[in-house]
Amino acid sequence: MPLFGKSQKSPAELVRSLKDAVTALERGDKKAEKAQEDVSKNLVLIKNMLYGTSDAEPQTDIIVAQLAQELYNTNLLLLLIQNLNRIDFEGKKDVAQVFNNVLRRQIGTRSPTVEYICTKPEILFTLMSGYEHQEIASNCGTMLRECARYEALAKIMLYSDDFYNFFRYVEVSTFDIASDAFSTFKELLTRHKMLCAEFLEANYDKVFSHYQRLLNSENYVTRRQSLKLLGELLLDRHNFSIMTRYITNPDNLKLMMNMLKEKSRNIQFEAFHVFKVFVANPNKPKPILDILLRNQDKLVDFLTKFHTDRSEDEQFNDEKAYLIKQIKELKPLEH
Amino acid sequence: MDPRMCRKISSSESLPDADNVEFEVSNVIAPQESDDNFMLEGSPEPHSVTWLHDDEIEDLDPPNFYFNRVDSADIIYRSKKKKCKMVGKYVMGDVLGEGSYGKVKEMLDSVTLCRRAVKILKKRKLRRIPNGEQNVQREIQLLRILRHKNVIELVDVIFNDEKQKMYLVMEFCVGVLQDMLESSPGKKFPQRQAHDYFTQLLDGLEYLHGQGVVHKDIKPGNLLLTLDQTLKITDFGVAEALDMFSPEDTCYTGQGSPAFQPPEIANGAEQFSGIKVDIWSSGVTLYNMTTGRYPFEGDNVYRLLEAIGRGWPAPPPAWVGASLGALLTAMLARDPALRPGVHDIRRHAWVQSRPPLEPGERLVSPRSRRSDELHNSTVIPYLVERHYPSSEEYFTERDLRHELCSGGSRTLSTAELSEGESSHKRRWHSSCGRLPSCRLT
């Protein structure tokens, strides 16, 4: 109890008044302005309970546990996210802070909020659709990436149909939204290695047909980022079977060869790191071998002149020399 | 440097001209200290003797030493000139540590002002180590590709053909887990601290294995800490890159440290799973960090390997708790196939929950060899000397004692002295960076 000032509201009272205020805000009637104010005020109080302030420590574990329990019972987290666009600027940030704090809560080995969200996946889907709305995209992004740290939640997102919306979000014209969406997208595909490998394997065709569109995007940044991520995915041993599958498809090889000739040197360079895997493969299938053989002389010539100013980068030069040697020594399969 | 650590060489060794000048100075100072100075009054031609710095001793031919007695009152010290030395764009600082390959020193990047550490490799020394040169080549090759928060970053490689030296410029770290363990009560960490390091080790390992790199020498001695307590896996001298197109992680050679080797290597298996070797060594590391002991012990390497080969680790003590005990036992499974992967370990109850700091437990902080808790830059004194050169300072044993008795707050701290005395590598240090190279004539 504070020595001076008003006596503090209990977690249950706080959550109830916040919920009332958000509901009023949702109705959007005459009292909206008052509701807006109440929402902001109560959010600050809840935030202070969790984080403390400059002159007050965070509340005890018991109070925080009560608060979390109230949040689950009233489904207030979902309600807040659904109405995020109606809450004022500071309030949006407070929602994200409260959400992330409650999410990280642990009791022994259990994460109660993670378990709660698993039973209410709408929360995740609502957050993902936040990328449709410019004014809440980055707030939703911070909450999504916090969720993606938990394997159980990442799994729900990856295996949902909504995941494929990311292929659209990463290409939107607003740069900050596109790059925020891309970092969430990347987190989902790389954070939990086993989960990601299983997901990519099970949904190989669907994911890579979508991915192909990113690689062919009109947007330079999208093309470059997605190509870089592709290289990372294929060169990670956890994705071994995905890599072996990817490099047997001649269309993928053709795409990479075209990207080697792109105007942008950065894209050329990233493409090189995917292209090298096709060439280094000791068991090249016939269609791949045929393409390489058809272009044997041209490729040797091209690679010899490729990024010759990178003389400092020994790794790159070694790899380039290796590829040139491999291509020179290519022979048609004997039958 | 402790006078007892200094070795003298006879006057027949060639001496730099500068020594003659110092002889004159010592004539002036020494009588003040001891009136019946035998050396000065008794012997018409005192032996000229030179005190050498450790570095210089290494370059001498060993058989030419002989010892003769010198009274401590006859010794005068000279504060070591902090001569500013540049390698490429880096300014050299003091020694941070020493490995079998050579010294590690602190450096400052004069362009970006980033603190760095440099591993100095002497070709001559490297040749004496089995596979030395080959291992360094491999380490450089691997480190160039690897980029992860928990893997040491190789920033630059500089060769000096004339001196036959190689400089590996790396991220700056403040301590090695091994040193911290040795300095802590019970040679172990509180579980909270071990947990923080172990989860970072798992992140680093998962990345390495994802890149097809098997480290093969995971141990507290190869885990460094940065100023912000980020763990860095280092020393890729015996690491191996797996074939990108082979679905297996088969390795054929194991050259890691014996106490951390798994039974399959101890038993001389011709091929084994590389990834499970790292899991085993991480298990021994965790065992060691949390209990202060090793799961296998032996009087010598052969006994040790024999014990490991039998594969019955000393059960983790009951006081570590059931959860950690179970994790350790699982990681130290004799059959590599039964050892959990990084993914399974992450899901283990002990890893999932961060243990609290028990009452009475204290976190162990990284220690530099200078016992400087704030980890001040050791490059600064060199830069100060370079830009504001001070006149040379001489001082005697008596001055030193006097300083120590009067609290030693000005130039020598008593803490440093008492520590120096307990360790066999005794060195004089002072806040102004006075590391005397003493000379006597």
Treating only Lys and Arg (+1) and Asp and Glu (-1) as charged, each at its beta carbon, one finds that the range B:176-352 has a dipole about its Cα centre, in Debye to the nearest 20, of 620
Once the in-chain neighbours fewer than 8 apart are removed, the lysines whose Cα is under 19 Å from residue B:216 read B:232, B:276
Classify the range B:273-312 as rounded, prolate or oblate from the Cα gyration tensor: take a ≥ b ≥ c as the square roots of its eigenvalues, call it rounded if a/c is under 1.5, otherwise prolate when a/b beats b/c and oblate if not. oblate
Taking Cα pairs closer than 8 Å and at least 6 residues apart, the relative contact order of the range A:1-145 in percent is 21
So how do A:109, B:290, A:119 rank on accessible area, 1.4 Å probe, biggest first, that is with the largest at the start? A:119, A:109, B:290
Relative frequency of Cα-Cα separations exceeding 25 Å in chain A, percent: 60
If the limit is 24 Å between Cα atoms, which of B:89/B:122; B:83/B:103; A:9/A:92; A:19/A:41; A:120/A:155 go over it? none
In Å², nearest 10: area of residue B:219 left accessible to a 1.4 Å probe: 50
Cleavage-rule hits (trypsin sites (Lys or Arg not before Pro)) in the range B:335-380: DSSP loop, at most 16 neighbouring Cβ within 10 angstrom: B:362
Which of A:293, A:260, A:118, positive extreme of dipole for chain A (C-beta unit charges): A:293
Can you tell me how the range B:248-287 classifies by the Cα gyration tensor, rounded, prolate or oblate, using a/c under 1.5 as the rounded cut? oblate
Reachable lysines from residue A:286, criterion Cα separation under 26 angstrom, eight or more residues apart if same chain: A:206, A:254, A:261, A:276, A:298, A:320, A:325, A:328, A:331
As computed over the range A:180-335, the Cα convex hull volume per residue (Å³): 125
Between B and A, accessible area buried - total, square angstrom, nearest 100, 1.4 angstrom probe: 1700
Carbon and sulfur atoms account, in whole percent of the 1.4 Å probe accessible area of chain A, for 50
With every protein chain left in place, what is the accessible area of residue B:180 in Å² (1.4 Å probe, nearest 10)? 0
The range A:1-95 shape via C-alpha gyration tensor axes, a/c threshold 1.5: prolate
Whole angstrom only: what separates the Cα centroid of the range A:193-261 from the Cα centroid of the range B:97-159? 35
For labels at residue A:311 and residue B:385 in the simple 7 Å Cα→Cβ model, what's the distance in nm? 3.7
Note to self, chain A gives a 222 nm [θ] from helices alone (DSSP H runs n ≥ 4, -39500 (n - 2.57) apiece, / all residues, nearest 500) of -21500 deg cm²/dmol
Using the Kirkwood formula on the Cα atoms of the range B:176-352, what hydrodynamic radius do you get, in angstrom to one decimal? 16.3
Largest-first ordering by accessible area, 1.4 Å probe, given options A:156, B:152: A:156, B:152
With every protein chain kept in the model, how would you rank A:243, A:194 by accessible area, 1.4 Å probe, largest at the top? A:194, A:243
Taking GluC sites (Glu not before Pro) as exposed when in a DSSP loop with at most 15 other Cβ atoms inside 10 Å, chain A has its longest clean stretch at A:1-134
Would you kindly work out the equivalent ellipsoid of the range A:140-216 from its C-alpha gyration tensor and give its semi-axes, the square roots of five times the eigenvalues, largest first in whole Å? 19, 17, 9
Distance from the range A:87-112 to the range B:227-249 (C-alpha centre basis), Å: 36
Take peptide B:239-246, look around each residue's Cβ out to 10 angstrom, count Cβ atoms belonging to other protein chains, and average those counts. 3
Accessible surface of residue A:180 in the full protein assembly, 1.4 angstrom probe, to the nearest 10 Å²? 30
DSSP-loop chymotrypsin sites (Phe, Trp or Tyr not before Pro) across the range B:237-271, with at most 16 other Cβ within 10 angstrom: B:245, B:252
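The values are calculated or read from the model by the stated rules, or taken from the named source; none is laboratory data. As the structure is a prediction and not an experimental result, all values here were calculated from the model. When we count neighbours, we look across all protein chains shown, and the Cβ atoms used for this are built from the backbone with ideal geometry, even at glycine. The protein model used for the area step is the full one, side chains on, heavy atoms only, and it has no ligands, DNA or RNA in it. Shrake-Rupley method; radii C 1.70, N 1.55, O 1.52, S 1.80 Å.
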